[in-house]
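Throughout, read-outs are computed from the coordinates displayed, never taken from laboratory work. Not measured: the values here are computed from a predicted model. Here the Cβ positions follow ideal geometry from the backbone for every residue, glycine too, while neighbour counts run over all protein chains shown.
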Amino acid sequence: MIPFQYFFPTTLKFGNGLANRAGELLKPLFRGKLLVVTDEGLIKSGVLEGFFASLSTADVAYDVFSGVEANPSTTVLERAVAFLKDHDCTAVIGVGGGSSIDTAKGVAAMATNAGTILDYEGYDRIPNAPLPIFAIPTTSGTGSECTASTVFTNKETLFKTVIISPRLFPQLAILDAELTLKLPPAITAATGMDALTHAIESYVSKQANPVSQALALGAVRLIGRSLRKAYYVGSDLAAREDMLVGSFLAGVAFSQSKLGNVHAISHTMGGVFNIAHGIANAALLPYVIAFNGPACPERYRDIADALGAEVAGVDAETAARRLVAQIVELNRALGIPSNIRELGVDLEHLPQMVADSMRSGNVLVNPRLTTAGDIERIILAAHAGNL
């Protein structure tokens, strides 16, 4: 067992209807005005009416920036930072999917630090403490409400820059499964597979430890038993609770362990082709498991068992192959393509995809040693659909 440490400063509050009490929960935690970072679609949906009412009831002053986009860019972040400064906000809450929460983290950091967010690429390079950060996820996938990372696309290079710093952990995360009841099936599938990928990659990461692995495997069990139900019966509150907690556990796990080749490649796919992150992860996942299988079949056996595969009496290598088949079947059930060609990936950009993937720190913790040639072969196999 390698030496390890565990640091997790985020307070979690979980409960149905809890977003309607957000005002009273947040008021003791900061002074001044709160900036709510979200997207226009969520505002129009009416899902956040109880949340906003709770702020008013608790006399929490706030302004709303609703310009968040999928795969948030540095351009949107700059607009959000300018909005915060123009409105004299002193704390930030991300309400929505991972894009909103990531943007909120970036705004809080850039309110107190010079330059641009791209200056802080990598690990623990943010010098000054951000403004207080809070989060309320309305999807069950990214885990951004409990991680120390944020991701922004550089519009000039199309590279998704990852910034990791202990300063980016939200101070408080409020999890309310009722906010996820109206998620469309396609978003349920994309975010659910994102969370499952987080859990799987965290469990097999070279940087995993006993704490992160326990959380990751717990996430696999919760997601495995409830993702299909949440997809096909979106109003099933118990399934939505499992998905929200599973996503959170996976987020805590990978905040300790980092991820692997799926995320190294999917980030560049998102940057170059603007593909939804969770869908990119899902389509790549079986190909990366197939590549990694020889390096850690016992760990993949654990995951297959947690997902409900019949692995009793079979060797680890066979169990790892069964896990690949499980993921392929799960993607099919969720309407996710079996190859990345159908997602719009153009091999004309293959050299850039390989170079950008190798730039990711996730390659370094992937369980199987990975070269640029390996990344190219994984992309080509995923594009052709060859497992």
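Below, the figures for the structure above:
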| read-out | value |
| --- | --- |
| Footprinting exposure proxy for Ile265, Ile163, Ile101 (fewest neighbouring C-beta atoms within 10 Å first) | Ile163, Ile265, Ile101 |
| Three semi-axes of the equivalent ellipsoid, region 1-120, Cα gyration tensor, whole Å, largest first | 23, 21, 15 |
| Among beta bridges that DSSP assigns inside the chain, antiparallel share in %, nearest 5 | 25 |
| Least to most buried among His267, His349 (fewest other Cβ within 10 Å first) | His349, His267 |
| Neighbour-count ranking [beta-carbon atoms within 10 angstrom, fewest first] of Glu201, Glu49, Glu348 | Glu348, Glu49, Glu201 |
| For Ile379, net neighbour charge (Lys/Arg +1, Asp/Glu -1) across residues whose Cβ lies under 15 Å away | -3 |
| Dipole in debye (nearest 20) - region 88-246, about Cα centre, beta carbon charges: Lys, Arg +1; Asp, Glu -1 | 360 |
| Cα-based Rg / Dmax (Å) for region 1-44 | 16.3, 50 |
| Taking the convex hull of Cα positions in the chain, its mean projected area over all directions (nm²) | 17.4 |
| Cα centroid separation - region 213-281 against region 69-124, whole Å | 23 |
| Kyte-Doolittle at least 0.0, axis length at least 27 Å by Cα - qualifying DSSP helices, the chain | 185-204, 210-232, 237-257 |
| Shape call, region 194-333: gyration tensor on alpha carbons, a/c limit 1.5 | rounded |
| Value at 222 nm in deg cm²/dmol, rounded to 500, when DSSP H runs of n ≥ 4 in the chain each add -39,500 (n - 2.57) | -16000 deg cm²/dmol |
| Gyration tensor verdict on region 66-138 (Cα atoms; rounded if a/c is under 1.5, prolate if a/b is larger than b/c, oblate otherwise) | rounded |
